Amino acid sequence: MATTTMAHPPVSDCLVSFPTAHILLLTLNRPEKRNSIPLATSADIQRLWEWFDNEPTLHVAIITGTGDSFCSGADLKEWNELNARGIENKMTAPGLAGLPRRRGGKPIIAAVNGHCLGGGFEMVVNCDIVLASETATFGLPEVKRGIAAVAGSLPRLVRVIGKQRAAEMALSGLTFSAERLERWGLVNRVVRPETLVDAAVEIASAISSNSPDSIRVTMEGLHYGWEIASVEGGSEKLVEDWYARLMGGENFHEGVRAFVEKRKPQWRPCRL
């Protein structure tokens, strides 16, 4: 896989790379701790997403992990130390690594390579596309530790897989296979471990070949469907808030013109 380089905010315990000029790949790299995320790393990753959203040349991001875990959630050893010192670990939006309640304008693909538990699972529930290795497992074990999954996954999980299935996951603390969650609709595709990142890059490349303006407006429509109870209300809001902006942008005219002229469009950075 060819890679490019870009200056980016530093991120502790992670690897940052760029498979193409338009794709960001973040790899959690703390395998000895099952890729659990300390508070400092969580803040670093959140800053990386903010930079990603504001970097016009980047269109799609992928998050994965090293070793046999994708992410086991927050660093509970650190939590225990905070508890011992009487320091409250406040759960503020957008949550662990800036993902469980993130509402960005660009898509993030989760490439789940192994165990995806607790806060790691809460991160994945709010990703836009989820690919999983055949060996990946998912779970919300918080109830086994006297914790609750309050970072944002529970309401979202109900919407994706239904109340009863979400209840089985969240109340039992058991783990579930990638195949099961593909059947339930949370995982888009289950692939062989050795092809996982390549499959994610393939999807990201397909997305990044499209108009950045169209991706931005489409993301808003997906958010409205996710967050607004009324389907018609979400559709109307999308038209009112975004369609005129889309038509007024350079990429709207370029895409139509390129179709008529039978050539590949030359997209400009999104300025909506």
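Only one of the listed residues (64, 41) is touching a helix residue (DSSP H, G or I) at 6+ places or on another chain (Cβ under 7 Å) and either in a helix (DSSP H, G or I) or crowded, with 18+ Cβ neighbours inside 10 Å (or both). That residue is 64. Can you tell me which of 157, 131 is under 18 Å from residue 71 (Cβ atoms) and part of a strand (DSSP E or B)? One residue alone meets the criteria, 131.
From the list 165, 183, 145, the one residue that fits, being over 30 Å from residue 267 (Cβ atoms), out of contact with any His (no Cβ under 6 Å at 6 or more places or on another chain), surrounded by 15 or more Cβ atoms within 10 Å (Cβ to Cβ) and not polar (S, T, N, Q), is 165. Report yes if residue 255 is in contact (Cβ under 8 Å) with a residue 24 or more places away in the chain, over 20 Å from residue 102 (Cα atoms) and in contact with an Asp or Glu (Cβ under 6 Å, 6 or more places away or on another chain), otherwise no. It is false that residue 255 is in contact (Cβ under 8 Å) with a residue 24 or more places away in the chain, over 20 Å from residue 102 (Cα atoms) and in contact with an Asp or Glu (Cβ under 6 Å, 6 or more places away or on another chain).
In the range 179-196 there is no residue matching the filter, namely being in the same structural domain as residue 109 (by TED's automatic domain parsing), among the hydroxyl-bearing types (Ser, Thr, Tyr), closer than 20 Å to residue 72 by Cβ and not in a loop (DSSP other than H, G, I, E, B). In the range 90-124, the residue that is nearest to the chain's Cα centre (by Cα) out of those that are in a loop (DSSP other than H, G, I, E, B) and at positive phi is 95.
Residues in the range 258-272 that are of a type outside the set (Phe, Trp, Tyr) and either more than 18 Å from residue 219 (Cα to Cα) or in contact with an Asp or Glu (Cβ under 7 Å, 6 or more places away or on another chain) (or both): 258, 260, 261, 262, 263, 264, 265, 266, 268, 270, 272.
Filtering the range 227-270 to residues that are among the β-branched types (Val, Ile, Thr) and either touching a Gly at 6+ places or on another chain (Cβ under 6 Å) or assigned to a loop (DSSP other than H, G, I, E, B) (or both) leaves only 228.
Scanning the range 7-38 for residues that are in a loop (DSSP other than H, G, I, E, B) and farther than 26 Å from residue 56 by Cα yields a total of 6. Scanning the range 103-148 for residues that are under 17 Å from residue 52 (Cβ atoms) and modelled with pLDDT of 95 or more returns 106, 107, 108, 109, 110, 111, 123, 126, 127, 128, 129. For the range 217-230, the criterion of a residue being β-branched (Val, Ile, Thr), outside the structural domain of residue 252 (by TED's automatic domain parsing) and surrounded by 15 or more Cβ atoms within 10 Å (Cβ to Cβ) is satisfied by no position. The condition (being closer than 25 Å to residue 118 by Cα, surrounded by fewer than 16 Cβ atoms within 10 Å (Cβ to Cβ) and in contact (Cβ under 8 Å) with a residue 12 or more places away in the chain) is satisfied by just one residue among 28, 15: 15.
The values are calculated or read from the model by the stated rules, or taken from the named source; none is laboratory data. These numbers were taken from a predicted model, which means no experiment stands behind them. We place every Cβ from the backbone using ideal geometry, glycine too, and count neighbours over all the protein chains shown.
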